[in-house]
Amino acid sequence: MSENELKALVSLLDDDDKQIADHVQAKILSLGTEAIPFLEKEWESNLNPDVQTRIEELIHTLQFDLVKERLLHWYKSPDPDLLTGMWILATYQYPDIELEKLQQEIEQVYYETWLEFRPDLYPLDQIKIINSVIFNKLKFGANTKNFHSPGNSMINVVLESRKGNPITLCVIYMLVAQKLKLPVHGVNLPNLFILTYKDDNHQFYINAFNRGLIFSKQDIENY
């Protein structure tokens, strides 16, 4: 579809006839994500607030569809990388965020932890070192004031603000722990996402939303 044809469609977004407006929106959505750059340009140049609002809605819908498609492809891949999945999720609100930048930031958190980490220690003591670096030195923590903020689910925002929800904090913690070759994995409890350290000889749990609080299997059973 030519740019002039797209312009003509956009001009009909505020048509008084709802059927026409709905048909136009459906037509634009059928073009897929390739229409996003044009819609963004139209949003900047269009002075009609109603049209701008509808353009925003179209862009968000197209971006959401793209994120769903990419997440599905990621999920079906042979070995889905957790950070890549979090990056795809973040692109819904931050489409220009680069995976490489996130990788560098996680690498920095890992490096800060590695400097103090000792592989010869007992697992609980190893986790205490990670807790000290992540929550004391680097100041990561729970965003309890704005718990429901969408930014808490965006790993780029959490890496910058150092505040997040249980899932993003656990993801960052787990990525670092696994780079240190520790058997740390996610556990989804009712109303709370936590981590577990589990190998052939040890199992305990870590609450990254509460500064890495460590608790036992018995505590989980009584949860």
Could you please let me know if Val51 is farther than 30 Å from Lys101 by Cβ and touching a Leu at 6+ places or on another chain (Cβ under 8 Å)? yes
Pairs with Cβ under 7 Å, 6+ apart, first in the range 151-176 and under 12 Å from Phe140 (Cβ atoms), second part of a helix (DSSP H, G or I) and of a type in the set (Asp, Glu): Leu159/Glu105
List, please: which pairs have Cβ atoms under 6 Å, are six or more places apart or on different chains, and start with a residue in the range 108-126 that is part of a helix (DSSP H, G or I) and end with one that is among the aromatic types (Phe, Trp, Tyr)? Pro123/Tyr197
Residues that are surrounded by 13 or more Cβ atoms within 10 Å (Cβ to Cβ), at pLDDT below 85 and of a type in the set (D, E, K, R), drawn from the range 8-30: Asp14, Asp15
Criterion violated by Thr144 - all others in (1) assigned by TED's automatic domain parsing to the domain that holds Leu213; (2) surrounded by 12 or more Cβ atoms within 10 Å (Cβ to Cβ); (3) among the polar types (S, T, N, Q) satisfied: (2)
What is the one condition in (1) buried (at least 16 other Cβ atoms within 10 Å of the Cβ); (2) at pLDDT below 85 that Glu34 does not satisfy? (1)
Filtering the range 118-141 down to residues that are surrounded by fewer than 19 Cβ atoms within 10 Å (Cβ to Cβ) and of a type in the set (Phe, Trp, Tyr) yields Tyr122
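The values are calculated or read from the model by the stated rules, or taken from the named source; none is laboratory data. Just so it is clear, the model here is predicted, and its values are computed rather than measured. In this analysis, Cβ positions are derived from the backbone assuming ideal geometry, glycine residues included, and neighbour counts consider all displayed protein chains.
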